[in-house]
Amino acid sequence: MQLRCFDSKCAATLDLHGGALACPRCGELLELALNSTPLNPAALKELWSERRRSRDPRDISGVWRYREVLPEYAAEEIVTLGEGNTPLVRGHRSAQWAGVGDLQFKHLGWNPTGCFKDLGMTVGMTEARHAGAKVVACASTGNTAASMAAYAARAGVVGRVYLPAGQVSLNKLAQALDFGAEVVEVVGSFDDALNTLLESTGEGIYFLNSINPFRIEGQKTTMYELLDQLAWQSPDYLVVPGGNLGNSAAFGKAFDEMLRLGLIGRAPKMIVVQAAGANPFAQLWESGAAELTAVAEPETVATAIRIGNPRSWKKSLRGVQQTGGQVLDVTDEEIAEAKAIIGRDGIGCEPASAATLAGIRKLRRAGKIAEGASSVAILTGHVLKDTNFIIRTHQRQEAHA
Ligand code: F0G
């Protein structure tokens, strides 16, 4: 693979393992590109299917099973917790509530640390160790911190997490502590925490936020696994919550690659859903502006996506545009209602994940999704990621009963 500038006009290429997070020429984010050697799509599908019978740790991982489209490492270098392999689950009540006939959830909360971050972290941490890092660091609304802490522990390196003080679910903080991370609390929002991290001296510290292109590579395998599960037939819509926009950026990249490789003939339309109080990307989409305007004081009960200045917006936008998708926002009330319905399907998720179902209902009501269309919604975090939210909601309901 090759490391290059995301801006195709600049197209600078860099040392793959040099640790750069931005283009030295133009400042844009970086991305990894597949080599141009053609891969046979039928043979790949067969190989990936065959690996499900293997006991090799790389084949058991739902990320490394797809290693032909990932950067290459020796088997013993790979830092894995057996991530991926998450099921598709039908949400009958959820579908009814949203007014659609065909709805499946891909529950990434059923990953080792209860969140999709593990899919990117296995690649990011493998690269960190390959590059000789002794300390890895990230800013986080909680889930990245928990995931990075776990994988850092596996890799035997120090994990340092920068968290917005008082704004992270205690469940996530507890995970980071349990996995032995050093915690730095920053007064302000996630955006302030990320700025503080990026301004700190990078000497000997490897950064693992989703601006790190190796994390994006791991997260993109979610879509390889999903399409594999669907016998390489795309649903009409793929719905994902948007915060810093790394995940939707990764999905857009996956669709682009899968089309190029001939693995699929058509990509799903990608729909990104933000919380109304933290919606700079939805505002950009609505206005058609050329540049994103940050939301200065993001506010939402879905603390995971309480982000005002998403770094990967250009990458995410490319995916939305290329697939003919759209971006929207939903209110905190809609998120809470959708979350409760997902719970009644026996599935459960954290608040940010429920933005997907709320988004589907909103689009359906606006006539922007046909009743018969098929959708897969990405649930990003486990129900136990924010237990305080659930208890508070039920206490309020009892008080009103
Ligand atoms: N859902 C959950 C549960 C998350 O934790 C996040 C992001 C998102 C959705 C949004 O994903 O940023 O790729 O658009 N959490 C990050 C963190 C920011 O620090 O844990 P995104």
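The values are calculated or read from the model by the stated rules, or taken from the named source; none is laboratory data. Just so it is clear, the structure is predicted and the values come from calculations on it, not from any experiment. Glycine also receives a Cβ, built like all others from the backbone with ideal geometry; neighbour counts cover every protein chain displayed. Keep in mind that these areas ignore ligands, DNA and RNA; they rest on the heavy atoms of the full protein, side chains included. Shrake-Rupley method; radii C 1.70, N 1.55, O 1.52, S 1.80 Å.
Figures for the structure shown
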read-out	value
Over the chain, relative contact order from alpha-carbon pairs under 8 Å, at least 6 apart, %	18 percent
Surface per residue (accessible, 1.4 Å probe) for the chain, Å²	40 Å²
Residues of segment 91-126 with amide N under 19 Å of a point placed 7 Å along Cα→Cβ from Glu182	125
GluC sites (Glu not before Pro) within segment 1-89: DSSP coil, no more than 11 neighbouring Cβ in 10 Å	Glu72
For segment 79-129, alpha-carbon Rg relative to the globular expectation (2.2 N^0.38 Å, N residues)	1.51
Separation of the Lys134 and Ala289 label points, Cα + 7 Å toward Cβ, nm	4.4 nm
For Gln167, distant residues with modelled amide H under 5 Å away	none
Summed side-chain charge close to Ser210 - residues other than Ser210 whose Cβ falls under 10 Å, Lys, Arg +1, Asp, Glu -1	+4
Sparse-neighbour loop sites [GluC sites (Glu not before Pro); segment 219-294; at most 11 other C-beta within 10 Å; DSSP]	Glu291
Fraction of accessible area attributable to carbon and sulfur, the chain (%, probe 1.4 Å)	49 percent
DSSP H segments from the chain that extend 24 Å or more along their own axis, Cα-based, with Kyte-Doolittle mean of -1.0 or above	213-229
Relative contact order (percent, whole number), segment 122-279, Cα cutoff 8 Å, 6+ residue spacing	21 percent
Gained length - Trp232 relative to His17, 0.36 nm times residue gap less alpha-carbon distance	74.2 nm
Paired Rg and Dmax values of segment 230-307, which use every Cα atom, in angstrom	14.6, 43
Coordinate range along principal axes, alpha carbons of segment 200-351, Å, largest first	48, 43, 33
Alpha-carbon centroids, segment 176-208 and segment 17-73: separation in whole Å	27 Å
Members of Lys9/Lys134; Lys9/Lys368; Lys45/Lys315; Lys134/Lys314; Lys220/Lys339 lying beyond 29 Å, as alpha-carbon distances in this model show	Lys9/Lys134; Lys9/Lys368; Lys134/Lys314
R0 of 60 Å, Cβ-Cβ distance Glu46-Glu398: FRET efficiency to nearest 0.05	0.65
Quotient of Cα Rg and 2.2 N^0.38 Å for the chain, N being how many residues it contains	0.92
